[in-house]
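The values are calculated or read from the model by the stated rules, or taken from the named source; none is laboratory data. All values reported here derive from a predicted model rather than from experimental measurement. In this analysis, Cβ positions are derived from the backbone assuming ideal geometry, glycine residues included, and neighbour counts consider all displayed protein chains.
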Amino acid sequence: MHKVRDSFFEICEYHANKDLKRENGKQPQSPLPHSLILPPTLKPEIPMHEVKLQWQGRMKFFTETPGGTIVLDTTPAVGGEDDGIRPKPLMLVALGGCTAMDVASLMKKMRVDEAVRAFQVIVRGHLTDEHPKYYDQVEVEYHFHGEDMNQKLLTKAVNLSINRYCGVIHMFKHFARFDHHIFFHETSSSGEHEKS
């Protein structure tokens, strides 16, 4: 039975020796066992994100993300000072931001962005009653405001985000029911009217 190499450096050395033996025309040793799974921290070829949280006392944390700093806190009822964002709603922000940026990018590529005067995404999440509480239902609304908008292409942009591009929606679908609605608010000389 193969001995499982639990050291990253041992694994690197193994692969280096295997490549060297191939170059010398020799057969490499038996491969590593299929059961060996390296932790993500030992797989530099896999894209990774990292955030760092620094405790500020009580329930407050400063969070360093690739794009800036976020302050996390909670309500006084559970020991916080109500001086920051709650962690769970940040999941909804991630979902909304992911799909909204997809649509914004696709609108430009489809050349339908000039007719859109305003674009808004609203995300609602329903939490379970029992601990651990999580979002078991999520609803996203896409609101487009403008005049003579190409509703067919805008709908296509939303669907491409939902079904192909937005990784956060893909993750949510593993544990929550996902619904979405699209609203077009057309502006004309007689004023704005809504169509969904």
Got at least one residue in the range 127-137 being aliphatic (A, V, I, L, M), surrounded by fewer than 16 Cβ atoms within 10 Å (Cβ to Cβ) and closer than 17 Å to Ala94 by Cβ?
-> yes
Return yes when Met107 is over 24 Å from Gln56 (Cα atoms) and among the aliphatic types (A, V, I, L, M) and no when it is not.
-> yes
Would it be correct to say that Ala77 is in a helix (DSSP H, G or I), free of Cβ contacts under 8 Å to residues at least 24 places away in the same chain and surrounded by fewer than 16 Cβ atoms within 10 Å (Cβ to Cβ)?
-> yes
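Conditions tested, residue by residue: (1) more than 26 Å from Val71 (Cα to Cα); (2) of a type in the set (A, V, I, L, M); (3) in contact with a Lys or Arg (Cβ under 7 Å, 6 or more places away or on another chain).
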residue	(1), (2), (3)
Leu90	no, yes, no
Thr99	no, no, no
Val103	yes, yes, no
Tyr135	no, no, no
Glu141	yes, no, no
Phe144	yes, no, no
Lys156	yes, no, no
Ile162	yes, yes, no
Is the range 60-68 home to any residue that is at pLDDT 95 or above, in contact with a Ser or Thr (Cβ under 6 Å, 6 or more places away or on another chain) and not aromatic (Phe, Trp, Tyr)?
-> no
